Amino acid sequence: MLETPSPPLQCVFSGIQPSGTLHLGNYLGAVAQWVTLQHRTATPIFCIVDWHALTVWQDPAALRAGVLDLAASLLACGIDPQKSILFPQSLNPDHVELAWLLNCVARFGWVSRMTQFKEKSGKNREQASLGLFAYPVLMAADILAYPTNGVPVGDDQRQHLELTREIAIRFHDQYGGGDSVAEPLLIPPATLVLPTGARVMSLRDGNKKMSKSDPSDAARIDMTDDDDTIRRKIQRARTDSLPFPETAMTMQDRPEVANLIGIYAALRGESIESVMAEFAGGPFAPFKEALAESLVETIRPIRTRTVALRADEAALVRMLTDGAGRARAISQPRLARVRQMMGLL
Ligand code: AMP
Ligand code: TRP
């Protein structure tokens, strides 16, 4: 199912930005996988990456609320703070210290190749924050601060993970093998991407990723949408005038249709082929109805739990602070070793 690395998954780490609402792409691409991994690995680490959010301007009050909203949503999706460590990045300063050290290991040319920076800075590159450019090195530090060997993410993060591996390898080339060459201190982690759900596209344009920053609310299903909103968005989701595809071949060049089928398959844990067999050749209306109902069934309990959990802000802050303490207990001795290897006092 997963592109599992050859050694067993000892430590899983992943991150998510607290800007905007958790959407279906985040859920199917990342969070649903995180929930499953809690049963496959000891204590996975999940980080709400508020420092990453600040690479573009954030309203301070909205950022603070966003961290708590996201914490409530993640718990509602099934992240269990007894099984996992869940914490905001900014409560573990080890990440920024390691990021600085790794800024001095990563090459300007490597970071310049990152397509996410090119997309996000667009024509306005000169005005992009330095943080937006350096973002992938902070992401590498997030991961390498822990003995991470697997990172569950959506497809869009592959390039950042390749960079993380390059940085880990270059660190040991420059500063020696650490405790053992066979088991380096900074481990090049495997990318864990699911075959379905890894790339959920916009409901309005099948060539664009479903994204928190899409100005059109109709392009996205949020994990806080109510039943009627979900039904309406699916009813209005773009398709085309051809009948429901019967084979992968007849789905080619129909990105909106392929996206809806992919979402349905991911929600139901079925293969694309079996979904095609179920609706082949027919009109879209019954498929869209079944898709909307699957979404409603998945999202309704998550939405209800999110609202209840969000109401107790003090409990959320306690849980996040506790998570940060547990995270720091792992990263601190590792960072001390990195400092020593690089010649710092
Ligand atoms: P972000 O919202 O950019 O912080 O992303 C958090 C996680 O969700 C990352 O693992 C992303 O790869 C994943 N993700 C974001 N958007 C999508 C999408 N449209 N389809 C699949 N995964 C996504
Ligand atoms: N860059 C990721 C995104 O935009 C978020 C992220 C930050 C992350 N640090 C991470 C993901 C570490 C995995 C591991 O989605």
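The values are calculated or read from the model by the stated rules, or taken from the named source; none is laboratory data. Just so you know, these numbers come straight off a predicted model, no measurement behind them. Heads up, the Cβs are rebuilt from the backbone with ideal geometry, glycines too, and the neighbour counts pull from every protein chain shown. Remember, those area values only see protein heavy atoms, side chains included, never the ligands or the DNA or RNA. Shrake-Rupley method; radii C 1.70, N 1.55, O 1.52, S 1.80 Å.
Using a simple charge model, +1 on the beta-carbon of Lys and Arg, -1 on the beta-carbon of Asp and Glu, nothing else, what dipole does the range 14-132 show about its Cα centre, in debye to the nearest 20? Walk me through the numbers before you get to the answer.
Details: 9 positive and 8 negative charges, 88 e Å.
Dipole of the range 14-132, to the nearest 20 debye: 420 debye.
Taking only protein heavy atoms and a 1.4 Å probe, what accessible area per residue, in Å², does the range 4-58 have with all protein chains in place?
Working: 1980 Å² over 55 residues.
Ligands and nucleic acids excluded, the result is 36 Å² per residue.
Expressed as an acute angle from 0 to 90° and rounded to the nearest 10, what is the orientation of the C-alpha long axis of helix 158-175 relative to the principal long axis of the chain?
10
Towards the positive end of the charge dipole of the chain, with charges on Cβ (+1 Lys, Arg; -1 Asp, Glu), say which of 248, 316, 340 has the farthest Cα.
Sorting the options by dipole projection puts first 340.
If a/c stays under 1.5 just call it rounded; otherwise compare a/b with b/c (prolate if a/b is bigger, oblate if not). Do that for the range 76-121, with a ≥ b ≥ c from the square roots of the Cα gyration tensor eigenvalues. Present the calculation step by step, with values, prior to reporting the outcome.
Working: a/c = 3.42, a/b = 1.70, b/c = 2.01.
Oblate is the answer for the range 76-121, as a/c is 1.5 or above yet b/c matches or exceeds a/b.
For the chain, what is the calculated [θ] at 222 nm in deg cm²/dmol (nearest 500), taking -39500 (n - 2.57) for each run of four or more DSSP H residues and dividing by its residue count?
Theoretical 222 nm ellipticity from helices: -16000 deg cm²/dmol.
Between the range 135-179 and the range 274-332, how many Å separate their Cα centres?
28
For the residue pair residue 246 and residue 217, what label-to-label distance in nm results when each label sits 7 Å from Cα along the Cα-to-beta-carbon direction?
Going by the 7 Å Cα→Cβ label model, 4.1 nm.
State the Cα centre-to-centre distance between the range 67-89 and the range 193-211 in whole Å.
Taking the Cα centre of each part, the range 67-89 and the range 193-211 sit 23 Å apart.
Tally the DSSP beta bridges in the chain and give the antiparallel ones as a percent, rounded to 5. Before the final figure, lay out the partial values.
Values: 2 of 14 bridges.
Percentage antiparallel, nearest 5: 15.
Give me the net charge for the shell around residue 64: Cβ to Cβ below 12 angstrom, other residues only, Lys and Arg +1, Asp and Glu -1. Please report the intermediate quantities before stating the final value.
Details: positive: none; negative: 50, 59, 69, 313.
Summing Lys and Arg as +1 and Asp and Glu as -1 gives -4.
Name the trypsin sites (Lys or Arg not before Pro) in the range 39-111 that are in a loop by DSSP and that have at most 12 other C-beta atoms within 10 Å, would you? Don't skip to the answer; put the middle values down first.
Details: sites: 40, 64, 83, 107; in loops: 40, 83, 107.
Loop-located and lightly packed - 107.
How much of residue 77 can a 1.4 Å solvent probe reach, expressed as accessible area in Å² and rounded to 10?
The value for residue 77 is about 10 Å².
Would you mind working out the accessible area per residue for the range 204-254, using a 1.4 Å probe, and quoting it in Å²? Could you put the intermediate results ahead of the total?
Details: 3080 Å² over 51 residues.
Roughly 60 Å² per residue, with all protein chains present.
Rank 327, 206, 191 by how far each Cα sits towards the positive end of the charge dipole of the chain (+1 on Lys, Arg Cβ; -1 on Asp, Glu Cβ) and give me just the farthest.
327
Just tell me which lysines come within less than 29 Å, Cα to Cα, of residue 118; anything on the same chain fewer than 8 places away is out.
Hits, sequence-local ones excluded: 208, 209, 212.
Sort the chain into rounded, prolate or oblate with this rule: let a ≥ b ≥ c be the square roots of the eigenvalues of the Cα gyration tensor; rounded if a/c is under 1.5, and if a/c is not under 1.5, prolate when a/b is larger than b/c, oblate otherwise. It would help to have the intermediate numbers written out before the result.
Numbers: a/c = 1.82, a/b = 1.62, b/c = 1.13.
The shape class here is prolate.
Compute a Gaussian network model of the chain, connecting alpha carbons closer than 10 Å, and tell me which residue from 95, 52, 172 fluctuates the most.
172
At 0.36 nm per residue, minus the direct Cα-Cα distance, what do residue 63 and residue 254 gain on full extension? Give it in nm, one decimal, please. Spell out each step's value before the answer.
Values: separation 191, 0.36 × 191 = 68.76 nm, distance 3.73 nm.
Going from the current span to full extension adds 65.0 nm.
Within the chain, what whole-number % of the accessible surface is contributed by carbon and sulfur, with the 1.4 Å probe and all protein chains included in the calculation?
The nonpolar share, carbon plus sulfur, comes to 55 percent.
Tell me the per residue accessible area of the range 62-168 using a 1.4 Å probe; a whole number in Å² is fine.
In whole numbers, the range 62-168 has 40 Å² accessible per residue.
What is the local net charge at residue 115, summed over the other residues whose Cβ is closer than 13 Å to its Cβ (Lys, Arg +1; Asp, Glu -1)? Walk me through the numbers on the way to the answer.
Working: positive: 113, 118, 120, 158, 209; negative: 119, 155, 156, 162.
Here the count lands on +1.
Which net charge results when you count Lys and Arg as +1 and Asp and Glu as -1 among the other residues whose beta-carbon is under 11 Å from that of residue 225? Walk me through the intermediate numbers first.
Working: positive: 220, 231, 232, 233, 300, 303; negative: 217, 222, 226, 227, 228.
It works out to a net charge of +1.
Just to verify a number: FRET efficiency for residue 236 and residue 317, C-beta to C-beta distance, R0 = 41 Å, to 0.05?
Numbers: r = 39 Å, r/R0 = 0.94.
Between residue 236 and residue 317 the formula returns 0.60.
Can you pull the one-decimal nm distance between simple spin-label points at residue 278 and residue 80, each 7 Å off the Cα toward Cβ?
2.8
When a/c reaches 1.5 or more, the comparison of a/b and b/c decides; with that in mind, is the range 47-105 rounded, prolate or oblate per its Cα gyration tensor? Walk me through the numbers on the way to the answer.
Working: a/c = 3.05, a/b = 1.35, b/c = 2.26.
Note, shape of the range 47-105 comes out oblate.
Mind checking which of 29, 177, 269 has the largest fluctuation in a GNM of the chain, springs on alpha carbons under 10 Å?
Comparing 29, 177, 269 in the GNM, the peak value goes to 269.
Using a 7 Å offset from the Cα along the Cα-to-Cβ direction at both residue 226 and residue 345, what is the distance between the two label points in nm, to one decimal?
With each label placed 7 Å out from Cα toward Cβ, I get 6.2 nm.
With charges only on Cβ, +1 for K and R and -1 for D and E, what is the dipole size of the chain about its Cα centre, in debye, rounded to 20?
Working: 36 positive and 38 negative charges, 130 e Å.
Result for the chain is approximately 620 debye, rounded to the nearest 20.
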